[in-house]
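**Q** A single structure is presented below for examination.
Computed from the coordinates by the stated procedures, all read-outs in this text should not be read as laboratory data. Keep in mind the model is a prediction, meaning the values are calculated, not measured. Cβ sites come from the backbone with ideal geometry, for glycine too, and all protein chains shown count toward neighbours.
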Amino acid sequence: MSAKFRQAPRRQRVRQALVLLSFLLFPITLNFLSPYLIVAGAAEGIITGSFILFGALFIGSLLFGRLWCGWICPGAGMAELTAPINGAPFRSTRADWIKWAIWAPWVLLIAALAIGAGGYRSVNPLFMTESGISVDEPVKYVVYFAVVGLFVSLALAFGRRAGCHTICWMAPFMILGRGLRNRLGLPALQLTTDPSACVRCTSCTSTCPMSLPVSALVQTGRIEHPECILCGTCADGCHKHAIRFAISRPASR
Ligand code: SF4
Ligand code: SF4
């Protein structure tokens, strides 16, 4: 067994540790990911912590795509915990559109409220989180458990990362960012592939947390898909080393 092969699972263990830690910290960070606080802030003309985070996710996705989803998001920690119970692939690609049906009216509401408030006039990252901790009183655990319960229930009922596919309000910011990057041809972190090394064992397809047709994508020379979260599970599991991280420009279209 080569040193290179032994190193690969370690990267996944680091990733899993990071997302589990993020999930443990979710009672502290909940408000900074909140789809409600950005709405409440817009009504008062205040740029909130979640506004700043969502903006950072969009800008960060120009270079890092959906790396957040694979390596940092507390939802990824929930996905790691539910996968051993229901690790079935999430097969409905049409359901990926549900999150856009949630996201579009939500963004329009935020814009309308901000315009109605006369525009943004102040910045308060700790808006409605003055203590710095999101769940700072018992009643706020109702919101916490509602969010966790929703993501966990979807994963248990419909398979791997069903919530990421269907209801995540943050994913569209990053999908739009990586789409813009591709249009502009900007260099970014991506997964490139070596089709000639691939023996089509489909191990990468069966282990992809986002249930993508990875083996087929490998034949195109890169993993280019809006639902790819750059978790690297495919790259680290490929015994032929046919997939690797690289900074590269998108393929010309
Ligand atoms: S795991 Fe590697 S060799 Fe197997 S199908 Fe995927 S890219 Fe090809
Ligand atoms: S294609 Fe690879 S990097 Fe992308 S989500 Fe699937 S396993 Fe992760």
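**Q** Does any residue of the range 169-184 turn out to be within 17 Å of Gly77 (Cβ to Cβ), in a helix (DSSP H, G or I) and within 13 Å of ligand 2 (Cβ to nearest atom)?
**A** Within the range 169-184 (the criterion being within 17 Å of Gly77 (Cβ to Cβ), in a helix (DSSP H, G or I) and within 13 Å of ligand 2 (Cβ to nearest atom)), the answer is yes, since at least one residue qualifies.
**Q** If you take the residues of the range 207-228 that are assigned to a helix (DSSP H, G or I) and within 19 Å of the chain's Cα centre (by Cα), which of them is farthest from ligand 2 (Cβ to nearest atom)?
**A** Filtering the range 207-228 for residues that are assigned to a helix (DSSP H, G or I) and within 19 Å of the chain's Cα centre (by Cα), the one farthest from ligand 2 (Cβ to nearest atom) comes out as Thr207.
**Q** So in the range 39-59, with the set limited to residues that are of a type in the set (Gly, Ala, Ser) and surrounded by 17 or more Cβ atoms within 10 Å (Cβ to Cβ), which one is nearest to Leu108 (Cα to Cα)?
**A** The qualifying residue nearest to Leu108 (Cα to Cα) is Ala42.
**Q** Quick one: is Ile223 buried (at least 16 other Cβ atoms within 10 Å of the Cβ) and more than 8 Å from ligand 1 (Cβ to nearest atom)?
**A** Yes.
**Q** OK, next. Checking the conditions here, which among Thr192, Thr202, Thr166 is over 20 Å from Leu62 (Cβ atoms) and either out of contact with any Asp or Glu (no Cβ under 9 Å at 6 or more places or on another chain) or within 15 Å of ligand 1 (Cβ to nearest atom) (or both)?
**A** Thr202
**Q** Cβ-Cβ distance below 9 Å, separation of 6 or more or different chains: which pairs start in the range 134-159 with a residue that is on the phi > 0 side of the Ramachandran plot and end on one that is surrounded by fewer than 19 Cβ atoms within 10 Å (Cβ to Cβ)?
**A** As it stands, the answer is Gly159/Asn86; Gly159/Gly87; Gly159/Ala88; Gly159/Pro89; Gly159/Arg91, since those pairs meet every condition given.
**Q** When you scan the range 138-149, do you find a residue that is within 16 Å of ligand 2 (Cβ to nearest atom) and either among the small types (Gly, Ala, Ser) or surrounded by 18 or more Cβ atoms within 10 Å (Cβ to Cβ) (or both), even just one?
**A** no
**Q** Here's something else I'd like to know. Can you tell which of Cys231, Cys204 is outside any helix (DSSP H, G or I), of a type outside the set (A, V, I, L, M), within 9 Å of ligand 2 (Cβ to nearest atom) and out of contact with any Lys or Arg (no Cβ under 6 Å at 6 or more places or on another chain)?
**A** One residue alone meets the criteria, Cys231.
**Q** Right, next: Quickly run through the range 81-104 and pick out the residues that are part of a helix (DSSP H, G or I) and aromatic (Phe, Trp, Tyr). Full working, then the answer.
**A** Residues of the range 81-104 that are part of a helix (DSSP H, G or I), as a first pass: 81-82, 94-104.
If the condition is that a residue be part of a helix (DSSP H, G or I) and aromatic (Phe, Trp, Tyr), then Trp97, Trp100, Trp103 are the ones that fit.
**Q** Out of the residues in the range 226-253 meeting the condition of being farther than 23 Å from Thr93 by Cα and touching a Pro at 6+ places or on another chain (Cβ under 8 Å), tell me which one is nearest to ligand 1 (Cβ to nearest atom).
**A** Ala242
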